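Each remark here refers to the structure printed beneath this line.
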Amino acid sequence: MERQPRMFGEAGALTPSEMHTIEAIGCGEGILMSELALKLSITKGAATQIVSRLEREGFVSRHAHPVDLRAVVVQLEERGKIAFLSHEEMHKEFIQALREELGDDGYRTFEKGIAKFIEFL
């Protein structure tokens with residue numbers, strides 16, 4: 001399933017691992033490559049591979065850190081921002097559909113169940 005691309009609006013198709021990377025980078029000022037790897041719980045080498053692929057496709061860019069020249073900052077380009085916002089919208093629609101299906105009480109129970117599940121991971 002991690003290899004099956006999904007469409008994210010005008011940004012095009014992305015695999016779940018690529019989308020998780022874009023989500024972890026966020027629309028802010030960027031993130032250090034080492035922080036990105038830590039946030040995704042992957043090695044720096046794996047993060048570099050995903051970022052290189054996303055950079056080739058125009059989703060992200062890498063720059064030297066302004067103070068620490070050994071560090072690399074990754075940030076979203078316009079196409080990455082479109083994907084990020086499209087993914088956010090997809091999440092909102094999913095939550096709304098769950099609320100409609102389960103009702104408020106059912107949704108709260110579902111949230112508690114998911115929180116317990118995550119706690120045990």
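Just a few scattered comments:
- Tally, over the stretch 42-58, of residues that are closer than 15 Å to residue 13 by Cα and surrounded by 13 or more Cβ atoms within 10 Å (Cβ to Cβ): 6
- Identity of the residue in the stretch 1-32, of a type in the set (Asp, Glu) and out of contact with any Leu (no Cβ under 8 Å at 6 or more places or on another chain), that ends up nearest to residue 71 (Cα to Cα): 29
- Identification of helices (runs of 4 or more DSSP H) wholly contained in the stretch 1-109 with 1 or more residues that are free of Cβ contacts under 8 Å to residues at least 12 places away in the same chain and in contact with a helix residue (DSSP H, G or I) (Cβ under 6 Å, 6 or more places away or on another chain) yields 33-40, 44-56.
- Condition met for residue 61 (closer than 22 Å to residue 12 by Cβ, under 16 Å from the mean Cα position of the chain (by Cα), open to solvent by less than 60 Å² (accessible area, probe 1.4 Å) and modelled with pLDDT under 95): no
- Looking only at the stretch 1-41, and only at residues there that are acidic (Asp, Glu) and open to solvent by 60 Å² or more (accessible area, probe 1.4 Å), the one that is farthest from residue 78 (Cα to Cα): 2
- Among the residues of the stretch 64-80, those that are under 16 Å from residue 23 (Cα atoms) and surrounded by fewer than 18 Cβ atoms within 10 Å (Cβ to Cβ) comprise 75, 77, 78.
The values are calculated or read from the model by the stated rules, or taken from the named source; none is laboratory data. For clarity, every value in this text was computed on a predicted model and none was experimentally measured. Note that each Cβ is placed from the backbone with ideal geometry, even for glycine, and that neighbours are counted across all protein chains shown. To get the accessible areas, we keep the full protein, side chains included, count just its heavy atoms, and leave off ligands, DNA and RNA. Shrake-Rupley method; radii C 1.70, N 1.55, O 1.52, S 1.80 Å.
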